[in-house]
Amino acid sequence: MNLLYNSTRDAEKKMTASEAILKGLADDGGLFVPECIPKLDVTMDELKSMSYQETAYAVMKQFLTDFTEEELMNCINSAYDSKFDTEVIAPLVKVGDTYHLELFHGATIAFKDMALSILPHLLTTAAKKNGVTKEIVILTATSGDTGKAALAGFAGVPGTKIIVFYPKGGVSRIQELQMVTQKGDNTAVVAIHGNFDNAQSGVKAMFEDKELEKELSEAGYQFSSANSINIGRLVPQVVYYVYAYAKLLENEEIASGEEINVTVPTGNFGNILAAYYAKQMGVPIAKLICASNENKVLFDFFRTGVYDKNREFILTSSPSMDILISSNLERLIYTIAGQDAHKNAELMIQLKEKGVYEITSEMREKLEDFSGGFATEEECAATIRKTYERTGYVMDTHTAVAAAVCAQYRKDSRDDKKCLVASTASPYKFIHSVMTAIDEKYASAGEFDLIDELSSISGTEIPNAVNEIRNADIRHERECNADKMKETVKEILGI
Ligand SMILES: *Cc1c(COP(=O)(O)O)cnc(C)c1O
């Protein structure tokens with residue numbers, strides 16, 4: 001079967017998976033979605049004994065039907081290799097009464113590696129398949145983790161250039177250092193004077209800019225996106241939910257067919273949407289618990305049916321979730337609108353023009369798979385501290401938001417199904433907040449002084465990604481105002 005894709009704002013025009021990956025965002029500003037979510041064609045019993053790479057093939061071949069087996073296997077094997085510090089790629093760790101799916105064992109120690117280590121391979125394969133000869137320019141807005149993961153994925157990949165925008169002062173020192181020390185002649189990093197939403201809106205505007213597209217084309221370039229709106233990022237993320245369920249089964253933590261809940265620390269809504277797709281593929285997931293930090297737009301949305309981004313933007317200790325416009329939510333809105341592209345487009349126009357929209361009661365009924373929660377800064381810190389005191393396990397600030405929300409949900413709902421928490425970053429990446437949560441005495445210490453201390457109190461090895469930046473040179477110092485992103489891109493490309 002050939003699965004085709006269409007824009008969430010135009011259901012008529014269909015494309016292949018490789019075309020959708022190449023384009024990133026549809027011309028009408030919508031996001032690409034598969035016509036339907038395919039079912040797994042292997043049983044859980046078969047999946048139980050599969051490696052991460054084998055599971056990736058079993059899941060991804062269902063979505064990317066115009067890739068040959070050889071093409072897809074090549075992409076998978078180039079991505080999930082020794083860049084990860086564990087052979088199992090995504091280990092499952094039991095912490096108290098929940099299961100943490102550690103998605104931070106890749107090159108940049110955050111879950112973005114799960115998808116961004118494979119996207120460059122999917123993209124260059126897609127380019128070859130479609131006879132693209134232009135150089136692909138990846139434009140990315142990052143709230144911290146995507147940027148470095150995309151840079152690491154694309155650095156040195158022939159036929160590509162990558163430009164990353166991040167909010168100056170809106171990312172951790174370690175995140176910033178990871179980006180500005182990036183090697184590779186095809187990489188550029190720009191700090192913008194604004195927040196993540198400014199960066200993301202700027203990138204979206206460039207993708208929609210026809211005149212810019214023409215200028216680029218004349219200079220031999222074509223834009224593509226590594227942001228989580230690219231279907232080539234979403235599909236690889238479905239894999240680890242299938243894998244985690246199969247491993248729970250293999251380890252006899254659950255019985256065959258037993259439903260579990262999944263809690264995901266959410267920003268742009270990509271990771272949790274992947275869990276929703278995994279459920280639709282046939283994984284026995286009951287509730288999808290969407291965990292927000294104090295920027296709780298999504299919590300309010302699930303509670304009221306009103307999405308309202310008109311509010312104060314709060315800088316928290318989980319910066320990768322400091323987001324007021326969750327781009328991937330559009331894919332869910334399209335689904336609950338009964339795949340009505342026109343209805344979805346209307347709501348997205350309201351979001352763009354007024355910053356707010358309300359879904360119908362009929363649409364709200366289709367949200368019953370989801371539950372929203374949020375954690376304050378204090379709750380997040382208390383979760384890190386108490387979990388460390390009780391179990392010795394140290395989690396990062398983003399994961400702590402999910403762990404706190406998962407515990408609240410359990411208490412409030414009396415739903416005692418086993419719960420999987422998506423653990424999205426290594427504690428080394430947000431070390432200052434993590435250590436201060438454990439003990440106030442660390443508050444005055446510098447991030448780099450805490451590295452050895454964390455290693456010693458948690459009994460974990462210092463990740464390579466951290467050792468690398470301790471002595472690396474700064475290679476990127478460019479800054480610009482949020483309204484000058486387009487000019488900056490042209491300058492970097494020399495057009
Ligand atoms: C990006 C990110 C998130 C949010 O994921 P979304 O797919 O954007 O919802 C959560 N935690 C960390 C550490 C991240 O890097």
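With an 8 Å Cα cut-off and a minimum separation of 6 or more residues, compute the relative contact order for the stretch 10-68 in percent.
Averaging sequence separation for qualifying contacts and normalising by length gives 41 percent for the stretch 10-68.
Just to verify a number: what accessible area does Leu249 come out at with the full protein assembly present, 1.4 Å probe, Å² rounded to tens?
20 Å²
Given H placed on each backbone N at 1.01 Å, which residues far from Gly170 in sequence or on other chains put an amide H within less than 5 Å of it?
Amide H neighbours of Gly170, under 5 Å, 5+ apart: none.
For Lys48, go through the aspartates and glutamates and keep the ones whose alpha-carbon is under 19 Å away, minus same-chain ones fewer than eight residues off.
Straight-distance partners of Lys48: Glu87, Glu102, Glu250, Glu252, Glu253, Glu258, Glu259.
With an 8 Å Cα cut-off and a minimum separation of 6 or more residues, compute the relative contact order for the chain in percent.
This gives 19 percent for the chain.
Can you grab the distance from the C-alpha centre of the stretch 436-495 to the C-alpha centre of the stretch 194-236, Å, no decimals?
The stretch 436-495 and the stretch 194-236 have Cα centres separated by 25 Å.
For the chain, what does -39500 (n - 2.57) per DSSP helix run (n ≥ 4), summed and divided by total residues, give at 222 nm, in deg cm²/dmol to the nearest 500?
For the chain, the value works out to -13500 deg cm²/dmol.
Net charge near Tyr442, counting Lys/Arg +1 and Asp/Glu -1 over other residues with Cβ under 14 Å of its Cβ?
-4
Go through Lys13/Lys247; Lys61/Lys287; Lys129/Lys429; Lys14/Lys366 and tell me which ones have a Cα-Cα distance over 31 Å in this structure.
Correct reply: Lys13/Lys247; Lys129/Lys429.
Given charges of +1 on the Cβ of Lys and Arg and -1 on the Cβ of Asp and Glu, with all other atoms neutral, how large is the dipole of the chain about its Cα centre, in debye to the nearest 20?
360 debye
Near Leu249, within a Cβ-to-Cβ distance under 13 Å, what is the net charge of the other residues, with Lys and Arg +1 and Asp and Glu -1?
-4
Counting only residues 5 or more places away or on other chains, whose amide H sits under 5 Å from the amide H of Lys161 once H atoms are built in the peptide plane?
Result for Lys161 returns Ile136, Val137, Ile138.
Nearest-5 percent of antiparallel DSSP beta bridges in the chain?
The antiparallel fraction comes to roughly 25 percent.
Show log10 I(q)/I(0) for the stretch 346-495 at q = 0.08, 0.12, 0.22 Å⁻¹, two decimals, from a solvent-free Debye sum over equal Cα scatterers.
-0.41, -0.81, -1.28
With r as the distance between the Cβ atoms of Ile314 and Lys39 and R0 = 51 Å, compute the FRET efficiency 1/(1 + (r/R0)^6) and round to 0.05.
That gives a FRET efficiency of 0.80.
Once the other residues with Cβ under 10 Å from the Cβ of Gln62 are scored (Lys, Arg +1; Asp, Glu -1), what is the net sum?
+1
Of Lys386/Lys417; Lys23/Lys204; Lys148/Lys486; Lys94/Lys441; Lys128/Lys161, which sit over 18 Å apart, Cα to Cα?
Pairs exceeding 18 Å: Lys386/Lys417; Lys148/Lys486; Lys94/Lys441.
The values are calculated or read from the model by the stated rules, or taken from the named source; none is laboratory data. These numbers were taken from a predicted model, which means no experiment stands behind them. A quick note on method: Cβ atoms are made from the backbone with ideal geometry, for glycine too, and the neighbour counts reach across all protein chains shown. All accessible areas refer to the heavy atoms of the entire protein, side chains included, with ligands and DNA or RNA removed. Shrake-Rupley method; radii C 1.70, N 1.55, O 1.52, S 1.80 Å.
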